[in-house]
Amino acid sequence: MLADAYAPLREIPDLDVIDGSQAGVFRIGEQRARLAVRPRTHAAAAAALRACAAAGLHVVPYGGGTAQTLGHPPFRIDVVLALDLLRGIHAYDPHDLTLSVEAGTTLAELAQTLARAGQHLPLDGAQPARATVGGLLATGHAGWRAGTYGRPRDLLIGLRTALTDGSQALSGGMVVKNVTGYDLGKLHAGALGTLGVILRANFKVMPLAPARRFVAAALPEGTRASVLTRIDTLILRPSAALVLRGWEGELPWKSGDEGSIAVMLEGAAGEIDRATRDLRSALGAAGIPGASIFDQARADDALAQLNDLWGSEIGGRSAAYCLRDDTTRLISWAAMLERIAVTEQMAVDFAADLLDGRLLVRLAAPTGHALRSSLPSCEEFIRKEAPGARLLHAPEWARREFPVWGGEPSAIARMREIKRAFDPAGTLNAGRYVGKI
Ligand SMILES: Cc1cc2nc3c(=O)[nH]c(=O)nc-3n(C[C@H](O)[C@H](O)[C@H](O)COP(=O)(O)OP(=O)(O)OC[C@H]3O[C@@H](n4cnc5c(N)ncnc54)[C@H](O)[C@@H]3O)c2cc1C
């Protein structure tokens, strides 16, 4: 039966079909794909979706595979639709500060192209050498500069998507004011590929700051609270500012008894030097002796290492949550979770975003088995205190049982309606999204 269902896919021009063990390279959690297809054209992607929908096959869009453990596990995977052949810059006008890029392009390739023209697009996804533009848009993830530059959807000015009826939908364009009617492109941002497959995206890009500096300092006992109050007094607002604890061996600077503070500064060289002096005196006044300074490319690398924390799992024995709250409450949250974790014999790593009010917390148990017995009580505590918290990564059993997206939003019925309108056969990423849509 399945062989027949796959047969129409082999007839589609410009569609590479990979089956058997080779398809198994496309790993989604504990599940493996039976068959994978790699479209070389937008039309092939749309035709593949129509054929799969007609045959009742379940499809998982696949970018760089760096966030395929996000969400609930898919109900089943009949076909992986890999976008890596839809790659490259479609149009780019540095003078207009606009760009159109294929969805399978990696974040690193995009950054290199823009840097050559002294520009950038602050899509700070983790693992940029593998993560793709389409994957980042579909997850809606935003890195540690979101408090300054906004989320990927805020930088989006146009989108081309393939729908399960085989059509392609265009929204927006290459100029900001080109949007009449509903800005449907933004609907796909953060929809986890449940409504359509992103083929190409248009963005407004920005000039790269002439000077970039990353400052990190270890926090000795009793200094964390006072440094937090002083960060707010800086003349030049950092583009990212975090308090961290743990992440042993994952960050290029030392941590103190109370963790560390990390700040990204972007602007003109004179401004950066002035801000660094301010920051040093603020740290000094808070009792913090010294700081590590990273400039230009080294600053970008330090920020990239910070963004990699978002997808940083400890094989099968860790889970990570993202909580949102007022920045003043983030540290007390982290302290509460540290207390819980101690009673559950778990290690805690956290990163508190002082500009955007997000707390990333990773809980790790000595073994996968130990996690199975200790994580439920942490989940219970978090769910009670922060119902909207997202479970970013965890072993499959937890992502099957726990409400990984937080409590169901009041608009869930409307969301199910929209899903039915866009994907009546439930072809795309079935069961992975909010409410197991
Ligand atoms: C658990 C976890 C949490 C993360 N949290 C953050 C965060 O908060 N902030 C941050 O900056 N980075 C975060 N990241 C990293 C970031 O998600 C990735 O850098 C990037 O989003 C994934 O891109 P990818 O191409 O690897 O996508 P993949 O891993 O291949 O796919 C991710 C999801 O998007 C869907 N998808 C992929 N391509 C398309 C497409 N073209 N059209 C439609 N759907 C598609 C997939 O089906 C899948 O559901 C996280 C990573 C992980 C693993």
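The values are calculated or read from the model by the stated rules, or taken from the named source; none is laboratory data. From a predicted model like this one, the values you see are computed outputs, not experimental measurements. All Cβ positions, even for glycine, are placed from backbone atoms using ideal geometry, and neighbour counts span all protein chains on display. Accessible surface areas use protein heavy atoms only, side chains included; no ligands, DNA or RNA. Shrake-Rupley method; radii C 1.70, N 1.55, O 1.52, S 1.80 Å.
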- In the stretch 36-54, is there at least one residue being in contact (Cβ under 8 Å) with a residue 60 or more places away in the chain, among the charged types (D, E, K, R) and assigned to a helix (DSSP H, G or I)? yes
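Scan A225, A217 and give me the residue that is open to solvent by 30 Å² or more (accessible area, probe 1.4 Å) and touching a residue at least 12 places away in the same chain (Cβ under 8 Å). Break it down stepwise before answering.
On the way: A217 fails: open to solvent by 30 Å² or more (accessible area, probe 1.4 Å).
Exactly one of A225, A217 is open to solvent by 30 Å² or more (accessible area, probe 1.4 Å) and touching a residue at least 12 places away in the same chain (Cβ under 8 Å), namely A225.
Suppose the filter is surrounded by 18 or more Cβ atoms within 10 Å (Cβ to Cβ) and either touching a Ser or Thr at 6+ places or on another chain (Cβ under 6 Å) or charged (D, E, K, R) (or both); does E266 pass it?
yes
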Q: Check whether at least one residue in the stretch 298-312 is farther than 29 Å from Q68 by Cβ and open to solvent by 50 Å² or more (accessible area, probe 1.4 Å), and report yes or no.
A: yes
Exercise. Would you confirm whether any residue within the stretch 161-174 is free of Cβ contacts under 8 Å to residues at least 60 places away in the same chain and more than 21 Å from A103 (Cα to Cα)?
Key: no
Counted residues in the stretch 11-30 being crowded, with 17+ Cβ neighbours inside 10 Å, within 24 Å of the chain's Cα centre (by Cα) and either of a type outside the set (V, I, T) or in a loop (DSSP other than H, G, I, E, B) (or both) come to 2
Going through the stretch 106-119 in order, the residues found to be within 11 Å of the ligand (Cβ to nearest atom) and touching a Leu at 6+ places or on another chain (Cβ under 8 Å) are L107
Restricting attention to the stretch 189-241, the residues that are away from the ligand (no atom under 16 Å from the Cβ) and under 30 Å from A421 (Cβ atoms) number exactly 1
C322 passes all but one of the listed conditions (1) under 23 Å from S377 (Cα atoms); (2) open to solvent by 60 Å² or more (accessible area, probe 1.4 Å); (3) not in a helix (DSSP H, G or I); the exception is number (2)
Item to complete: Take G368 and decide whether it is under 20 Å from R399 (Cα atoms), of a type in the set (G, A, S) and within 16 Å of the ligand (Cβ to nearest atom).
Response: no
Checked S318, S281, S332, S292 against criteria (in contact with a strand residue (DSSP E or B) (Cβ under 7 Å, 6 or more places away or on another chain), away from the ligand (no atom under 16 Å from the Cβ) and of a type in the set (S, T, N, Q)); the one match is S292
- Task: Determine whether Y62 is of a type in the set (F, W, Y), in contact with a strand residue (DSSP E or B) (Cβ under 9 Å, 6 or more places away or on another chain) and surrounded by fewer than 23 Cβ atoms within 10 Å (Cβ to Cβ).
- Result: no
Given the conditions (1) near the ligand (Cβ under 9 Å from one of its atoms); (2) in contact with a helix residue (DSSP H, G or I) (Cβ under 8 Å, 6 or more places away or on another chain), every one holds for P122 apart from (1)
Of (1) assigned to a helix (DSSP H, G or I); (2) open to solvent by 60 Å² or more (accessible area, probe 1.4 Å), P424 fails just (1)
Out of (1) closer than 13 Å to S318 by Cβ; (2) not in a strand (DSSP E or B); (3) not charged (D, E, K, R), the one G407 does not meet is (1)
Of G181, G249, G173, the only residue that is out of contact with any Ser or Thr (no Cβ under 7 Å at 6 or more places or on another chain) and under 26 Å from S312 (Cα atoms) is G249
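Given the options D78, D96, name the one that is more than 8 Å from the ligand (Cβ to nearest atom), more than 22 Å from P395 (Cα to Cα) and of a type in the set (D, E, K, R). Quick ask: steps written out before the conclusion?
Details: D78 fails: more than 22 Å from P395 (Cα to Cα).
On inspection, the qualifying residue turns out to be D96.
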With criteria (1) closer than 25 Å to L170 by Cα; (2) under 21 Å from the mean Cα position of the chain (by Cα); (3) open to solvent by 20 Å² or more (accessible area, probe 1.4 Å), A67 comes up short on (1)
Taking first residues from the stretch 400-419 that are on the phi < 0 side of the Ramachandran plot and second residues anywhere that are outside any loop (DSSP other than H, G, I, E, B) and among the charged types (D, E, K, R), the pairs with Cβ under 7 Å that are 6 or more apart or on different chains are F402/E379; V404/R390; W405/R390
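Within the stretch 144-157, is even one residue closer than 20 Å to A46 by Cβ and near the ligand (Cβ under 10 Å from one of its atoms)?
Step one: filter the stretch 144-157 for residues closer than 20 Å to A46 by Cβ, giving none.
Scanning the stretch 144-157, I find no residue that is closer than 20 Å to A46 by Cβ and near the ligand (Cβ under 10 Å from one of its atoms), so the answer is no.
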For the stretch 69-87, pairs from a residue that is in contact (Cβ under 8 Å) with a residue 60 or more places away in the chain and at positive phi to a residue that is in a loop (DSSP other than H, G, I, E, B) and among the hydroxyl-bearing types (S, T, Y), with Cβ under 9 Å and 6 or more apart or across chains, are G71/Y433
